[in-house]
Amino acid sequence: MLSRTVLLLITAMLFVPMSLYAEPAAENNCLTVDNSEIVKSIEGGKYRFSNKVDEQELVTFDYAENQPFEQYLAYARQLIEQKNPRAQQYCPIDNDVFRLLSKQNSWKRLAQVSDFIAPFELKQINNDKAILLIHGLTDSPYVFHDLAAFYYQQGFTVRTLLLPGHATAPADLIDVELSQWRQATDYAITRTLGDFDNVYLGGFSTGGALILDYLITNEDANKEPNDKIKGLFLWSPASKAKSDIAWLAQYVDLIPFLDWVGKDADSDFAKYESFPFNAGAQVHDLMNDVYADNVDLPIKIKNIPMFVVVSEHDQTISTDATLGLISQWHNSSQQMNSGSDTVIYYGNADKSKQQLPKNLNLIVPICNEAELCAKVYDVAHTSVTNAPTNRHYGVDGQYRNCSHYVSDMVIYQQCKMSEQVIVGEKTAQNLQLGKPLYRLTYNPYYQQMLNEIKTFLKKSDAAQSE
């Protein structure tokens, strides 16, 4: 006879949701895409629009400086769960960030999409140092999951910010304004400076431009709290659009009923694939404010060392403009000869040397035939922050970025499904190599980049202690 206790345990187990014990079916998770249905997904726009939520029920946040960061994180997660159609979809990514957050928040459930696209904080036991990471246009905080784990291992409390209009659905970028991104950035930086003794700021693409914009335009940039900013990390910072006609976005966006530059399947749970004109117009305005001749830099920010990662063949942002931006900031520094400013340049060494100051620490990785980089046709804008081991974007990830073929469904589907493909940046030359090319989403030089970051941190720490 079974004891009463055992019977009660068996009965209880029968009423526990199966999701706590067994993984959902493979076809029902964030990593699996039915490429045979991709055309229908594009036409139907299944994930292009967010859930309809009564305005009175929609969660809000005022970004007031005195609001605790924990309250901001709770707001952002709730907003995602209200508006993102995939928020609660099972997502089998067991990475370091998810494990740390699970332990920190005592999660007792399977991972879901919202766990990877929501902003987060990896807490240390002290308030000695922190890094704030800001993602790029159409991205989500997932773009920093690999780097966040690295910085946490270096003793940092790691915070990430979610830019308004992101991590819900692409259509939420149709009405977003630059002022909203600036408000969120100002809040996150100010709040982090108030909470920690030493602060580093890191941004990918648009996120990098927002950090520079804060330092240039913020009325408090010359005040004492900014002495806490010890360094900047900029990955492919937005300086000027690669396309010569990108400036048209601000005018096209004014035409009624013309909302989209391009519509895609939005099969990537962590990044929008459909792109509204308004999004381009807002970033265009931001870049105009960040990259201009003779920018009057506030005195206090001139001592902040920079670590920048740039690809020569970046097809989203103009590399020449980015090198000009870097030179502008480096040459304005009062510590020009300190050697702290560092640039990792994926491309031709001679070209970069001609465009950058000689007293800047320039690193141009060399690719050996036996290494992963030998299989890559140029480092893409979309790749620099992700490790090759990334479960979604890495070498063994199922996702392929093929949006550059969306106007030709035949080659688009070949790019998505064929084994006869190449990977790299979508340059005109690479697109004519005879095989479909899917855009690189991981950094083949990732480990070397981490080693250089460690060196930079040591240098910047030493410079601040002098």
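Quick notes on this structure:
- Some residue of segment 163-172 being modelled with pLDDT of 95 or more, within 28 Å of PRO388 (Cα to Cα), polar (S, T, N, Q) and crowded, with 24+ Cβ neighbours inside 10 Å: yes
- Residue within segment 141-155 that is touching a Lys or Arg at 6+ places or on another chain (Cβ under 9 Å), closer than 17 Å to THR206 by Cβ and assigned by TED's automatic domain parsing to the domain that holds ASP94 present: yes
- Evaluation of MET449 against (1) more than 30 Å from ALA130 (Cβ to Cβ); (2) in a helix (DSSP H, G or I) (one fails), failing number: (1)
- Boolean, GLN67 is surrounded by fewer than 20 Cβ atoms within 10 Å (Cβ to Cβ) and either in contact with a Lys or Arg (Cβ under 9 Å, 6 or more places away or on another chain) or at pLDDT below 95 (or both): yes
- The condition of being among the β-branched types (Val, Ile, Thr) and either more than 17 Å from the chain's Cα centre (by Cα) or not assigned by TED's automatic domain parsing to the domain that holds ARG191 (or both) holds for only one of ILE131, ILE125, that being ILE125.
- Against the test of being under 16 Å from GLU452 (Cβ atoms) and not hydrophobic (A, V, I, L, M, F, W, C), the options SER332, SER352 yield a single qualifying residue, SER352.
- Filter result for HIS313 (at pLDDT 85 or above and in contact with a helix residue (DSSP H, G or I) (Cβ under 8 Å, 6 or more places away or on another chain)): yes
- The set of residues in segment 392-414 that are of a type in the set (A, V, I, L, M, F, W, C) and in a helix (DSSP H, G or I) comprises MET409, VAL410, ILE411.
- Listing of helices (runs of 4 or more DSSP H) fully contained in segment 58-170 that carry 1 or more residues being in contact with a strand residue (DSSP E or B) (Cβ under 7 Å, 6 or more places away or on another chain) and on the phi < 0 side of the Ramachandran plot: 69-83, 96-105, 145-153
The values are calculated or read from the model by the stated rules, or taken from the named source; none is laboratory data. Values in this document were obtained by computation on a predicted structure and should not be read as measured data. Positions of Cβ are generated from backbone atoms using ideal geometry, with glycine treated the same way; all protein chains shown enter the neighbour counts.
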